[in-house]
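Undergrad: Below is a structure I'd like to ask you about.
Values quoted throughout were computed directly from the atomic coordinates according to the rules given, and no laboratory measurement underlies them. As the structure is a prediction and not an experimental result, all values here were calculated from the model. Please note: Cβ atoms are built from the backbone with ideal geometry, for glycine as well, and neighbour counts cover all protein chains shown.
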Amino acid sequence: MGEEQVTDAPTDVDRAATGGDLAERRRRIAANIVGRERELELTLAAVAAGRDILLEGPPGTSKTTMLTAITADWGIPLLFVEGNADLTPAKLVGHHNPARVLREDYSADNFVAGPLVEAMQQGGFLYIEEFNRAPEDTINTLLTAMADRSIAVPRVGRIRAKATFRVIASMNPYDNIGTTRLSTSVHDRLNRLAVDYQDAEAEERIAALRSGARGAVGERLVRDAVAVTRATRTHPDVRQGSSVRGAIDCVLVGTELAEMRGIRSPEQEQYPAMVLDAMIVSLSGRIHLDEAAETTPERVLREIWEDRFVLEPATAAPG
């Protein structure tokens, strides 16, 4: 490839595409996101500067939400790719249509663009989830695109990226099963931002917004669902707990159970048992136990439920 080409400050084309008033854009984008002001500002600064970025954090921490809001504001596509062992360079870059090749031979006209080429041609964000699960040769294809903002496709020619093209990678730092260690050359080409879980107040706002919970039962269910979901992240037998998505589903399932069981108030004696049932359905598949733990997801969730509905009320009671 020869000497590496280094892109310096954003060009005039970059500034025109991303907009000049970043402060106004940040305010406009933030209006569509619950919390994440700092993470949004840093991510927006990186991509507006023409940089590619690695977002490192567990699932359910609003990474996709931020990118969706940014690309929607810029008027460009967001193309998703799941990193796994099956993600070959051909799947990422594209391939020639076999039927047309047999009829017409190879040509640029029968080339079917993959997500990388689509993102480059459309000036979109290529968002690769589980980045550290992709094969090394696939990641190397991305390195060329990031370094040169272009790639050479056999029998097609050189594809040059539009100004707003970015590679956005994400990975879960708590999951090291079936993953590979990223090389120094990969880290050298990517900015990095750690994105952790939001605080309880923000997660309650998210759960309320996404579930549409209303009334006394709904409001109490939001608080309880977020509390027990957050407790899964600190339980000693759990390697990785649930994201706020678990809390959202807990509220949704709990709302339906409350309707079926005629629970109109969180003060009814049936309410705690209903929450436990909602927890089992919504959270048992989302928590990953430590390999040495001699327990089950159901037992862990019952312990968390007891802490919330048996021990905490007793501690708070007078006397």
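Undergrad: Between E298 and R160, how many nm apart are label points set 7 Å from Cα along the C-beta direction?
TA: Here the answer is 6.3 nm between the modelled labels.
Undergrad: Pull out the extension gain between R210 and H95, defined as 0.36 nm times the separation in residues minus the alpha carbon to alpha carbon distance; nm, one decimal. Each step should come with its number before you reach the end.
TA: Details: separation 115, 0.36 × 115 = 41.40 nm, distance 3.92 nm.
Separation in residues times 0.36 nm, less the Cα-Cα distance, equals 37.5 nm.
Undergrad: For the stretch 156-243, taking Cα atoms only, what is the radius of gyration to one decimal and the Dmax to the nearest whole Å?
TA: For the stretch 156-243, the Cα-based Rg and Dmax read 19.6, 63 Å.
Undergrad: When the chain is fully extended, how far beyond the present Cα-Cα distance does S185 get from D73, taking 0.36 nm per residue of separation?
TA: Numbers: separation 112, 0.36 × 112 = 40.32 nm, distance 3.14 nm.
Net length gain for the segment: 37.2 nm.
Undergrad: Where in the chain is the longest stretch that carries no chymotrypsin sites (Phe, Trp or Tyr not before Pro) classed as loop by DSSP and with at most 16 other Cβ atoms within 10 Å?
TA: Numbers: sites that count: Y106, Y174.
Of all site-free stretches, the longest is 175-319.
Undergrad: Hey, what did the chain get for relative contact order, percent, Cα under 8 Å, at least 6 apart?
TA: Numbers: 485 pairs, mean separation 54.3, N = 319.
So the answer I get is 17 percent.
Undergrad: Relative to the Cα centre, what is the charge dipole magnitude of the chain, using +1 at the beta carbon of each Lys and Arg, -1 at the beta carbon of each Asp and Glu, and rounding to the nearest 20 debye?
TA: On the way: 37 positive and 48 negative charges, 172 e Å.
The dipole of the chain has a size of about 820 debye.
Undergrad: I've got another one for you. Please compute the length gained on full extension between R38 and A273, using 0.36 nm multiplied by the number of residues separating them and subtracting their Cα-Cα distance. Mind dumping the intermediate values first?
TA: Working: separation 235, 0.36 × 235 = 84.60 nm, distance 3.86 nm.
Going from the current span to full extension adds 80.7 nm.
Undergrad: I've got another one for you. Taking the Cα-to-Cβ direction at D86 and at D290 and moving 7 Å from each Cα, how far apart do the two end points lie in nm?
TA: Output for this residue pair reads 3.5 nm.
Undergrad: In debye, nearest 20: dipole of the stretch 200-316 around its Cα centre with unit charges on the Cβ of K, R (+) and D, E (-)?
TA: On the way: 15 positive and 20 negative charges, 86 e Å.
Dipole magnitude for the stretch 200-316 comes out near 420 debye.
Undergrad: Counting only GluC sites (Glu not before Pro) that sit in a DSSP loop (anything but H, G, I, E, B) with at most 13 other Cβ atoms within 10 Å, what is the longest stretch of the chain containing none of them?
TA: Working: sites that count: E3, E4, E267, E269, E291, E294.
So the longest stretch without any such site is 5-266.
Undergrad: Rounded to a whole number, what is D in µm²/s for the stretch 200-316 from Stokes-Einstein with the Kirkwood radius over alpha-carbon pairs (20 °C, 1.002 mPa s)? Spell out each step's value before the answer.
TA: Working: Rh = 14.1 Å.
D, rounded to a whole number, is 152 µm²/s.
Undergrad: Only Cα pairs under 8 Å and at least 6 apart count here; give the relative contact order of the stretch 200-316 as a rounded whole percent. Show your work: numbers first, answer last.
TA: On the way: 153 pairs, mean separation 32.4, N = 117.
Once normalised by length, the contact order is 28 percent.
Undergrad: Would you be so kind as to identify which of H235, Q270, A200 lies farthest towards the positive end of the dipole of the stretch 200-316, taking Lys and Arg as +1 and Asp and Glu as -1 on Cβ and the Cα centre as origin?
TA: Of H235, Q270, A200, it is A200.
Undergrad: Separate question: Would you mind checking the tilt of helix 200-211 against the longest principal axis of the Cα atoms of the chain, expressed as 0 to 90 degrees and rounded to 10?
TA: 80
Undergrad: Based solely on C-alpha atoms, express the radius of gyration and the Dmax of the stretch 111-169 in angstrom.
TA: 11.0, 31
Undergrad: Restricting to DSSP loop positions (anything but H, G, I, E, B) with no more than 11 other Cβ atoms inside 10 Å of their own Cβ, which trypsin sites (Lys or Arg not before Pro) remain in the stretch 122-196?
TA: Those satisfying the criteria are R181.
Undergrad: Quick one: of the DSSP bridges fully inside the chain, what percent are antiparallel, nearest 5? It would help to have the intermediate numbers written out before the result.
TA: Numbers: 9 of 26 bridges.
So the antiparallel bridges amount to about 35 percent of the total.
Undergrad: Just one of [x] 23.7, 87; [y] 23.8, 77; [z] 19.6, 63 is Rg and Dmax of the Cα atoms in Å as worked out from the coordinates here. Which one is it?
TA: [x]
Undergrad: Okay, next question. So who's got an amide H within less than 5 Å of the one on V153, skipping anything under 5 residues away but keeping other chains? H placed 1.01 Å off N, in plane.
TA: R158, I159
Undergrad: Using 14 Å as the cut-off for backbone N distance, which residues of the stretch 260-296 belong to the label zone defined by a point 7 Å from the Cα of R239 along Cα→Cβ?
TA: The answer is 286-295.
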